[in-house]
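Report on the following structure.
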Amino acid sequence: MNGTAHATIGAGTGFVVAQTVHADPTTTLLLVGLGGLAGLIPDIDIDGKLSNKITFSHTLIRSVAQLIGLMMIVYIFFEGTGSERWLGIGAGVAIIVIASYIKQRHMLTITGLGVLAGGISLQEIWLILLGIYIIIASFLPHRSYTHSLLGIGFFAFIAHYFEASIRIEGIFLTCLLSYSSHLIADMKVLPINKRGVKFFLPFSSKEF
């Protein structure tokens, strides 16, 4: 399934969660956007030079990395203080600039390092975990661990600490369900998919 479909399903999931928790319009927009992004995250492992089975183009992956850098800048601007704020903003700007020039795999690794540095600077566990996730994912082949139960579990920890940090109900559920929806949509039982998902890595390589 392509990236647009994954983002649409994720955004729809965020909307459903927003209605479930009776979110106000602003929070609803946040959850819809977050759902769309979480629905794309499993494909961050993609190498732009892989075969045409890859769901995202190299340009789109670069755009996602730059979006993460922009989100870092906005978050740190409002939440950071003193030198930490400027250090974090500098890291976000560096991510955006470097992402424009380097190859995708290197870009993802550096993006992860930047997010990790921002998380350590701000002492935000969810940012630290997100940085670690991106770094690991940048070395993984497509549809491997990010498309498994381990990937869901790791991302659930990120979502848990993210919701605890900004105290907005529905973030954890939106992230968890939108991420999971990506894996379900990539299952081999759907006729549009030639490949399946290895849910039980590293214990089993069977595709579902």
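Each value in this text was obtained by applying a stated rule to the coordinates, not by laboratory testing. Quantities reported herein were computed from a predicted structural model and do not represent experimental measurements. All Cβ positions, glycine included, derive from the backbone under ideal geometry; neighbour counts span all protein chains shown.
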- Task: Would you indicate which of (1) 17.5, 56; (2) 20.0, 67; (3) 16.5, 54 is the value of Rg and Dmax of the Cα atoms in Å derived from the coordinates of this structure?
- Result: (3)
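Give me the extension gain from Gln123 to Lys194: residue separation times 0.36 nm, minus the current Cα-Cα distance, reported in nm with one decimal.
Numbers: separation 71, 0.36 × 71 = 25.56 nm, distance 4.24 nm.
Residue separation times 0.36 nm, minus the Cα-Cα distance, leaves 21.3 nm.
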- Item | Integer Hz, Karplus 6.51/-1.76/1.60 couplings in order for segment 201-208, x for Gly and Pro | 4, x, 7, 8, 9, 5, 8, 10
- May I ask you to sort Arg85, Arg167, Arg143, Arg195 by Cβ crowding, counting other Cβ atoms within 10 Å and putting the fewest first? Arg167, Arg195, Arg85, Arg143
- Query: Based solely on its DSSP helices, what 222 nm [θ] is calculated for the chain when runs of n ≥ 4 H residues each add -39,500 (n - 2.57) and the sum is averaged over all residues, nearest 500 deg cm²/dmol?
  - Reply: -22000 deg cm²/dmol
- Message: Within segment 116-143, list the residues whose amide N lies under 14 Å from a label point set 7 Å along Cα→Cβ of Ser83.
- Response: 121-122
- Query: Hey, what do the phi angles of segment 163-177 turn into as Karplus ³J(HN,Hα) couplings, whole Hz, using 6.51/-1.76/1.60 and θ = phi - 60°, x for Gly and Pro?
  - Reply: 4, 5, 6, 9, 6, 10, 5, x, 5, 4, 5, 4, 5, 5, 6
- Residue by residue through segment 140-151, which ³J(HN,Hα) values in whole Hz follow from phi under the Karplus form 6.51 cos²θ - 1.76 cosθ + 1.60 (θ = phi - 60°), with glycine and proline marked x? 9, x, 5, 6, 10, 5, 5, 9, 9, 5, 4, x
- Query: Going by how many other Cβ atoms sit within 10 Å of their own, how do Trp126, Trp86 line up, fewest first?
  - Reply: Trp86, Trp126
- Note on the structure: Out of Leu108, Leu31, Leu150, a Gaussian network model of the chain with alpha-carbon springs under 10 Å gives the largest mean-square fluctuation to Leu150
- Taking Thr26, Thr4, Thr111 and counting other C-beta atoms within 10 Å, the order from fewest to most: Thr26, Thr4, Thr111
- Would you check the chain for Lys pairs whose C-alpha atoms are within less than 20 Å, ignoring same-chain pairs closer than 8 in sequence, and give me the count? 11
- Between the modelled labels at Glu207 and Gln19 (7 Å from Cα along Cα→Cβ) the distance in nm is 3.5 nm
